[in-house]
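Below is one structure, written out as structure tokens, with a few remarks after it.
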Amino acid sequence: MSPTQWDFPVELCCRPMAFVTLTGLDVTYNAIHRAIWDAFCANRRADRVPISFKVLPGDHEYPKCRTKRTSYEWYIPKGILKTGWMNKHLNLVPALVVVFYELDWDEGQWKEKQSECATRVEIVRQSLQGRNTKVAVVLIQKKTPLPPGEDMIASERAAALCNACDLSGKSLFVLPHTDHLVGYIIRCSDQQRIRLENAFYEHAQTYYYTEIRRVKSHKEFLNKTTHQLLFVRHQFKIAFFSELKQDTQNSLKNYRTAYNLVHELRSHETNMLEIKTMAGFINYKICRLCFQHNTPLDAIAQFRKHIDLCKKKIGSAELSFEHAAWMSKQFQAFGDLFDDAIKMGLTAIQTQNPGFYYQQAAYYAQERKQLAGVLCNHDPAVPYPSPDPLETPNGVLDFYGQRAWRQGILSFDLADLEKEKAGILALQQKEGEVVHSELIISLLSSAVAQFKKYKCPRMKSHLMVQMGEEYYYAKDYSKALKLLDYVMCDYRTERWWTLHTSILTTALKCAYLMAQLKDYITYSLELLGRASTLKEDQKSRIEKNLIKVLMNESPEAEPDCDVSMVKAAQRLWTDRVSLAGSNLFTVEVQDFVPFVQCKAKFMSPSFHVDTPVEFYVYLKADCPHPVRFSKLCVGFSNQEYNQFCVVEEQYQTSDVLEHSAQGTMCLVPGKTRKFTFKFVAKTEDVGKKIEITSVDLILGSETTRCVILNWRGGGGDAASGHEAVQAARSFRRRPKLPGNDVHWDSIMIQASTMIISRVPKISVQLRHEPPALCNEMYRLMISIQSQEDTVIRDVKLTAGLKPGQDANLTQKTLVTLHGGEVCDDSTPALLTDIPIKGLQPGEKLDMPLFIRCGTVGPRVFLVYVSYLIDTSVEGKEIVCKCHRDETVSIETMYPFIVNVEFNSMKLERLDHIYADVPFLLLVEFRSASPWPLSLESGKLQMLPSIYCLPKDESEGNRLGVVLKTTEALGDIFCVRCPQSTVNPNGLAPGSYTLSWKRSSAGEDVPAVTSVISLPHLMVEGLPLHIRAALPPFGRVREPLPVRYCLENKTNLVQDLEISMEPSDAFMFSGLKQIRLQILPGAVHKMLYNYYPLMAGYQLLPSLNINLLRIPDYTSDLLKRFLPTHIFVKPQGRQGGEDSIDAA
């Protein structure tokens, strides 16, 4: 039986569309007709109405309509649905026939043309006799018609043509063939301005509506006793016509009714297939419409219901494989529907996607294969029945789901048993010819694609294993091996050892049947390993086969292999033995679990260069019998060491399976063998890491075949990591082993070690007095003393700022060995490889290091001393380079805190300076150093335009002053800024230079020069200067003469109002209020005599001055330059006067 029998018919799976035929078009020789046809059929987008067009000749013979029944009283149906019914209404019987005819309204021979058109319409009606198919006429005209109502001739002739053709006005259309032909097809000039296609679509819908009513009218003549099949048939037809009418809601409703009626039919082995077939068809339609309506849950519920109702309707036991094939097709079809819905925008999830349905389809396909293997396994001598019971007169069945040898027979009793047996035998023999593996692989492939899409890796791997097994059964061993090898890694990673062993067993069979040497050896190695769940006798057989392969002999056949394929494989193995090809195979065992475990371990994470490097290699075999290897070699990152780590043993080929367990390279199952290696590291590798890059264990002989088991790094395999974790978590006490045996789980891989320099025997001491002061030459004393037994040579010193710190520190830190000179910017931050003389045993060397730090903060300094010394290791003379380094963190701080102030002559703080008004500049240094500071000199450097007392060259210097912690030194200067220095942006007056160093620093250490920039001055000009000249003190009741000098600093004559406010402590004589003018640059003097009345520090009378021309300058601003108080002595104490003057 052909597998396509179970495929759904094309007419069931396609989208039903209204069938409209076009006649009167010569699309081959008439360009206009061809353009009309292309406009209807080309570029049918989704927004166009669903119509299927077809061009037919006008006299085409349509299927004849059978005589309508007036009664169903004695009618007994022969089946549910005829096989050609759906195709007939989709592609043969049109809903509308459109007659195209070239005729203009102003045609000269109108009568003849009208008659010819009517004749064509009549021919079409004759060919459709008995059917309700609609007929329409489209007039192809050369001229564009006038709007309706304006062309009276056209209206009259249109009415006449409709009468002649027996058409309604809605069935006549006009189609002008202009440059915009497609547009006219879209826009037809009828009253409703609807599209021409829509008009055809409406006629088609009217036809299908009529057909639905016609079928419904038959139902009233039916009875449920003899017409059960007709109920299903009519309900299906109503639903199908509703689909053609695009009424999907009513279609779905009628399909559901039809589905329920199918399952109400009485079922028997004779009609079980027909019932299932129709149930499958209707279920397909229901699920498709549910997905189309965007109700996927309804589709899934319907399909589950369908499977639950049908899965036990097996039918004949001899043809049970047909039920499995039918079930497989149901799941496959639903998976296709589900996938199509997803492509149209439906969202699926991991737990509900088409992959599960493809997987179930594959399951039933596998069940079909198994049943066919049992039921269809006939003796080749059994002939195919003759005549062929599966042949039919017309090549197809009359009704879906019926048997070819008893079509239309609905009786449950089998009249001709011999014909029935012959039919069953024919079906079984046809089924035996089916390549089931191809069907299964195709379904599994679809399922894998879906599970990969929805990120279900375990389901994907599981199905890929099944695909590999099917390829194996199909004898396509290369594809089987490729798939199984791909998924093997997943099962190995997740430690599904039972499944993994099963996959390996199948893969080993494939490798044997293809005589693939390397694959056969690799799979054998893993099947012998500890992760394999095979029994000991099976492992023993595989081990012996492996040794045979290594001895260049053919292995024994794997069990359960096809006999014919085994014979072919034996010939391939014989060819392999005779060929003189490559006999060396390298197997990377790191990614699987071989029968030999390997762990390499350095004895220490680091070794000094003057001690030998020692490491162990542990090996353990898990195979059933002892096995002897020929060579063990270890590879390192520095290949020069490889020669020191080789163990090799010669033996006869027949001694690979060593039962005596003697010999260096013989591994006994379950026993741990340890190999010890030593070598002397090269001095060039000091500071480098030595890594084990590979461990190679060679099995076999180069004269026959040998396999190199290669471990990357220090060993381990795919299961080692998990086993190490489990061992670390285990609280079980390990039993004590005899002798020097060790527990395998307690061995930790140490695949790398560091070669470090020889332990230095010198002492490096650093002495200094922290903290360092900014910009000083800070002394760090370095003491080096040799403690070696022999002379050390090539001693070098590296000292300075430790690399790796902030880049700003590197620029602001200077280091030198010469303290007598101040470091400049050319001095480095780190002095490297400074040669020092060789040192005798016990000799000590002191040398100073001077550091200048330009910024504050912590710094780390490095002192690194290296030297060479001759020594011997394992009898080998080597020159060792030793070194010792010391680091010290030094905090840098400011030596003193500088405070600069501008004060008035009354010692009041000034924010602004006024031109030509003297003020005081105060510079104060407060020591912040924990060590005494020696201030050697200080110098004020002002702009040339600024007057300063005392002068810089003489009285401004300070020598030999020592400041202790928190002590302060102040320097004061009287400064006057001329009128030329007035600047709204401020003025930089100059700087103060101070030379200093630590008091404890020697004479050879230069002083540090610190330059302090003075803050900016805001110099403003005054229109009027006022000065007061008065004695330093007064005496009670004695006159006190006071002179006020007013100077006009502007280029204008200034009008002044001056008044004197009295004070309770004084009487005065002079002008109390006056108004005067002062010329530009002139000075006006005013004299007053004050008469003190009280002793003590008294308030002077206040002089108020108003500038009439410049009202912004108030009297308060001018009075700040005048004294406000004076000390008044008591009267009559002549003796104390001298003492006061002396003070």
Does residue 281 satisfy the criteria of being within 40 Å of the chain's Cα centre (by Cα) and either under 22 Å from residue 236 (Cα atoms) or open to solvent by 30 Å² or more (accessible area, probe 1.4 Å) (or both)? no
Of everything in the stretch 547-576, what is at pLDDT 90 or above, in a loop (DSSP other than H, G, I, E, B) and open to solvent by 60 Å² or more (accessible area, probe 1.4 Å)? Give them in sequence order. 556, 559
Between a residue in the stretch 849-863 that is closer than 11 Å to residue 776 by Cα and among the charged types (D, E, K, R) and any residue that is open to solvent by 10 Å² or more (accessible area, probe 1.4 Å) and part of a strand (DSSP E or B), which pairs come within a Cβ distance under 6 Å, given they are 6 or more apart or on different chains? 852/814
Can you name every one of the strands (runs of 3 or more DSSP E) wholly within the stretch 995-1064 that holds 1 or more residues which are not assigned by TED's automatic domain parsing to the domain that holds residue 975? 1024-1029, 1033-1035, 1040-1048, 1054-1061
Condition check for residue 804: outside any helix (DSSP H, G or I), within 48 Å of the chain's Cα centre (by Cα), surrounded by 13 or more Cβ atoms within 10 Å (Cβ to Cβ) and on the phi > 0 side of the Ramachandran plot: no
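A quick yes/no check of all residues on (1) crowded, with 19+ Cβ neighbours inside 10 Å; (2) more than 17 Å from residue 304 (Cβ to Cβ); (3) touching a residue at least 12 places away in the same chain (Cβ under 8 Å); (4) among the β-branched types (Val, Ile, Thr):
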| position | (1), (2), (3), (4) |
| --- | --- |
| 333 | yes, no, yes, no |
| 342 | no, yes, yes, yes |
| 372 | yes, yes, yes, no |
| 411 | no, yes, yes, no |
Do the conditions hold for residue 514, that is, is it outside the structural domain of residue 592 (by TED's automatic domain parsing), aliphatic (A, V, I, L, M), surrounded by fewer than 20 Cβ atoms within 10 Å (Cβ to Cβ) and over 17 Å from residue 698 (Cα atoms)? yes
Six or more apart or on different chains, Cβ atoms under 6 Å: show the pairs whose first residue is in the stretch 887-901 and over 24 Å from residue 995 (Cβ atoms) and whose second is at pLDDT 90 or above and among the aromatic types (Phe, Trp, Tyr). 888/861
Scan the stretch 721-761 residue by residue and report those that are hydroxyl-bearing (Ser, Thr, Tyr) and either under 20 Å from residue 678 (Cα atoms) or modelled with pLDDT of 80 or more (or both). 746, 752, 753, 757
Please name all residue pairs, on different chains or six or more residues apart, with Cβ atoms under 6 Å, provided the first residue is in the stretch 285-300 and is more than 17 Å from residue 357 (Cβ to Cβ) and the second residue is among the β-branched types (Val, Ile, Thr) and surrounded by fewer than 21 Cβ atoms within 10 Å (Cβ to Cβ). 289/248
Looking only at the stretch 577-607, and only at residues there that are in a loop (DSSP other than H, G, I, E, B) and hydrophobic (A, V, I, L, M, F, W, C), the one that is surrounded by the fewest Cβ atoms within 10 Å (Cβ to Cβ): 580
Within the stretch 210-227, is even one residue within 18 Å of residue 15 (Cα to Cα) and at pLDDT 85 or above? no
Starting from the stretch 871-883, keep only residues that are open to solvent by 60 Å² or more (accessible area, probe 1.4 Å), then list their pairs with residues that are among the polar types (S, T, N, Q) and in a strand (DSSP E or B) whose Cβ atoms are within a distance under 9 Å, requiring at least 6 positions of separation or different chains. 877/871; 879/871; 881/866
Looking at the stretch 420-442, is at least one residue assigned to a helix (DSSP H, G or I) and farther than 30 Å from residue 391 by Cβ? yes
Checking the condition in contact (Cβ under 8 Å) with a residue 40 or more places away in the chain, within 52 Å of the chain's Cα centre (by Cα) and open to solvent by less than 60 Å² (accessible area, probe 1.4 Å), which residue from 845, 809 passes? 809
Within the set of pairs 6+ apart or on separate chains, which have a first residue in the stretch 248-260 that is over 15 Å from residue 276 (Cα atoms), a second that is open to solvent by 60 Å² or more (accessible area, probe 1.4 Å) and in a helix (DSSP H, G or I), and C-beta atoms under 8 Å apart? 248/292
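The values are calculated or read from the model by the stated rules, or taken from the named source; none is laboratory data. Being a predicted model, the structure only gives us computed values, none of them experimental. Ideal geometry is used to build each Cβ from the backbone, glycine not excepted, and the neighbour counts take in all protein chains shown. Side chains included, ligands, DNA and RNA excluded: accessible areas come from the protein's heavy atoms. Shrake-Rupley method; radii C 1.70, N 1.55, O 1.52, S 1.80 Å.
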